[in-house]
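Visitor: Can you read through this structure? Questions will come right after.
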Amino acid sequence: MIDSTLRGKNALIVGVANERSLAWSIAKLLHENGVQCAFTYQGEAIEKRIKPLVESLPNLNTGSKPWIQQMDVGSDADIQRCFAAYKKDFGKLDILIHSVAFADKQDLEGRFADTSREGFRKAMDISAYSLVALLREAEPLMELAGGGSCVTLSYYGAEKVVKNYNVMGVAKAALESSVRYLANDLGPKKIRVNAISAGPVKTLAAAGIRGFRNILGSAEQSTPLRENISADDVGYLGTFLCGVGGKHITGATLYVDSGLHILAGGFHEDSKSN
Ligand code: NAD
């Protein structure tokens, strides 16, 4: 997939934890299209894992090591420090990939009704509010670029009850709604904001959801296409949204889920016989 309009653009990728991360699939494809990718990671534990990974995508202009900074999206100080450093080194920003979510493990099983105030706050803060906080810092840098594109990651649990997804479903609903409000606020500056609602993919974050293997298995049996998506499918849609094809798409949640979201109850009648 080559989109020549992407060549020479700058992207900040937030949310790579390892080679399975959905953010990594988007970054790889953006890089292939000539986009200069910079990365942030949550903390030390992840730094060791992702450094060799992102170093496999050298700086397209200088061939030097890629830009990589620590940033906990729950910290305004981290966010401001990181964007100030990015501005100093790159000046402008064309693309922001927000691929971050967190909820306490005990809130991803059992009853949603039992979610604690603190668990709810944390899931909302990291998984939804962080998009608002990052885009506020990105806005002036995207203005300097003459516009920009931001892509975030959501899941069907935002719309329908998915067993054990619980507080993350509520956070994703807030995230998708934030996408619409942000798209409206930033549209006059030609900054587009969209969400990809992805089918289940085995990643670090997904492993935290109790019974994730069942979600993966039932998606494979029940979706109209009868197959699970891959992280690369998310990469293709993310790259499309940042490129010329997405030029007039904003405030949208687009699905890459083999059609799961069109099914009543997320279950296809004859799936058992296939
Ligand atoms: P992942 O574990 O590879 O990525 C999640 C990232 O969030 C990690 O890099 C982690 O470090 C980061 N993160 C968590 N808390 C953070 C914090 N406080 N500060 C900075 N970073 C923080 O898993 P993934 O599946 O690639 O998840 C990426 C996004 O895709 C998430 O929003 C997730 O909800 C969404 N998503 C995943 C699936 C799936 O099945 N894997 C499906 C739909 C949507």
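The values are calculated or read from the model by the stated rules, or taken from the named source; none is laboratory data. Remember, it's a predicted structure, so these values are computed and weren't measured experimentally. Virtual Cβ from ideal backbone geometry, glycine too; neighbours counted across all protein chains shown. We work out accessible area using only protein heavy atoms, side chains counted, and drop any ligands, DNA or RNA first. Shrake-Rupley method; radii C 1.70, N 1.55, O 1.52, S 1.80 Å.
Visitor: So how strong a dipole does the range 84-218 carry about its Cα centre when Lys and Arg Cβ are +1 and Asp and Glu Cβ are -1, to the nearest 20 debye?
Guide: 220 debye
Visitor: Could you give the length gained by full extension between Q221 and R121, i.e. 0.36 nm per residue of separation minus their alpha carbon distance, to one decimal place?
Guide: 32.5 nm
Visitor: Tell me, what is a quarter of the convex hull surface for the C-alpha atoms of the range 91-203, in nm² with one decimal?
Guide: That works out to 7.3 nm², a quarter of the Cα hull's surface.
Visitor: Using a Gaussian network model of the chain with C-alpha springs under 10 Å, which one of R117, R192, R210 is most mobile by mean-square fluctuation?
Guide: R117
Visitor: Positive end of the dipole of the range 4-262, charges at C-beta (+1 Lys, Arg; -1 Asp, Glu), about the Cα centre: which of L135, S75, F90 has its Cα farthest in that direction?
Guide: F90
Visitor: With a ≥ b ≥ c taken as the square roots of the eigenvalues of the C-alpha gyration tensor of the range 197-238, please select rounded if a/c is under 1.5 and otherwise prolate if a/b is larger than b/c or oblate if it is not?
Guide: Because a/c hits 1.5 or more and a/b fails to exceed b/c, the range 197-238 counts as oblate.
Visitor: Rounded to a whole number of µm²/s, how large is the Stokes-Einstein D of the chain at 25 °C and 0.890 mPa s, given Rh as the Kirkwood radius over C-alpha pairs?
Guide: 130 µm²/s
Visitor: Right, next: Could you pull out every one of the aspartates and glutamates with an alpha carbon less than 14 Å from that of K88, ignoring same-chain neighbours closer than 8 positions?
Guide: Within reach: E137.
Visitor: Name the residue from S154, V170, V16 whose Cα lies farthest towards the positive end of the charge dipole of the chain, charges +1 on Cβ of Lys and Arg and -1 on Cβ of Asp and Glu.
Guide: Of the options given, the answer is V16.
Visitor: Leaving out ligands and nucleic acids, and using a 1.4 Å probe, what accessible area per residue does the range 126-274 come to in Å²?
Guide: That works out to 46 Å² for each residue.
Visitor: Under 15 Å from the Cα of K65, which aspartates and glutamates turn up, not counting those fewer than eight places away in the same chain?
Guide: Hits, sequence-local ones excluded: E47, E55, D89.
Visitor: Would you please put 223-232, 25-34 in order of how densely packed they are, using the mean number of other Cβ atoms within 10 angstrom per residue and starting with the highest?
Guide: For the peptides 223-232, 25-34, the packing ranking is 25-34, 223-232.
Visitor: Enter the angle in degrees (range 0 to 90, nearest 10) between the Cα long axis of helix 44-54 and the first principal axis of the Cα atoms of the chain, meaning the one along which they spread out most.
Guide: 70 degrees
Visitor: Contour minus end-to-end for R81 and S177, with contour as 0.36 nm per residue of separation and end-to-end as the Cα-Cα distance?
Guide: Between R81 and S177, full extension yields an extra 31.8 nm.
Visitor: Then there's this: Length gain on complete extension for the stretch N59 to Q106, per 0.36 nm per residue less the alpha carbon to alpha carbon distance?
Guide: Residue separation times 0.36 nm, minus the Cα-Cα distance, leaves 12.9 nm.
Visitor: So which lysines can K202 reach, going by Cα to Cα under 20 Å and dropping same-chain residues fewer than 8 places off?
Guide: Within the straight-line limit of under 20 Å, K202 reaches these lysines: K28, K105, K163, K172.
Visitor: Ignoring ligands, DNA and RNA, please state the percent of accessible area on the range 115-274 from carbon and sulfur, probe 1.4 Å.
Guide: 54 percent
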